[in-house]
Amino acid sequence: MGNTSNDVGSNVTAVTVAELAGLNTLGISLARIDFAPGGINPPHTHPRATEVLTVIEGSLLVGFVTSNPDNRLFTKMLEKGDVFMFPQGLIHFQKNVGYGHALAIAGLSSQNPGVITIANAVFGSNPDIAEDILAKAFQVDIKVVRQIQSKF
């Protein structure tokens with residue numbers, strides 16, 4: 001089991017072409033996602049891959065958001081053996097809603113799917129995105145932006 005003792009309570013172990021050169025040109029990669037109780041795989045996107053997720057153990061709430069202008073949220077409760085698909089490039093997430101640890105395996109349709117974790121990219125960029133831009137985009141006070149950026 002991956003180490004889930006972190007702020008989000010999950011651990012993703014990826015197997016892409018970077019970890020296994022033999023995947024080059026095959027158009028596939030995998031990830032193991034371990035969840036502590038209440039743990040999440042935070043909102044993120046894969047710019048170069050569709051993801052198929054299979055729950056191996058536990059219960060997960062999963063969801064994705066469609067693109068602008070609708071930004072429609074689709075969610076589903078998954079149990080052991082259930083499968084769900086996240087379309088390429090759309091923001092998606094998983095949350096362990098069970099009482100014990102959960103485990104899922106994800107198949108991705110690229111040997112190099114990429115991953116952009118939304119909060120890390122927006123609030124933890126290097127260099128920082130200007131506070132006034134984030135304050136206006138999220139319609140919050142600059143102090144709120146500074147507080148969130150300090151966590152990344």
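The values are calculated or read from the model by the stated rules, or taken from the named source; none is laboratory data. Remember, predicted model here, so these are calculated numbers, not experimental data. In this analysis, Cβ positions are derived from the backbone assuming ideal geometry, glycine residues included, and neighbour counts consider all displayed protein chains. Heads up: the accessible areas ignore ligands, DNA and RNA and are worked out on the full protein's heavy atoms, side chains in. Shrake-Rupley method; radii C 1.70, N 1.55, O 1.52, S 1.80 Å.
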- What ranking, highest mean first, results for peptides 131-137, 33-39, 84-90 when packing means the other Cβ atoms within 10 Å averaged over each residue? 33-39, 84-90, 131-137
- Anisotropy class of segment 29-152 from Cα gyration tensor, a/c 1.5 cut: prolate
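Which order do the peptides 99-105, 45-51 come out in when sorted by mean C-beta neighbours inside 10 angstrom, highest first?
Ranking the peptides 99-105, 45-51 by packing returns 45-51, 99-105.
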- Any idea of the accessible area per residue across the chain, 1.4 Å probe, to the nearest Å²? 58 Å²
- Query: Counting only protein heavy atoms, what percent of the accessible surface of the chain is carbon or sulfur at a 1.4 Å probe?
  - Reply: 57 percent
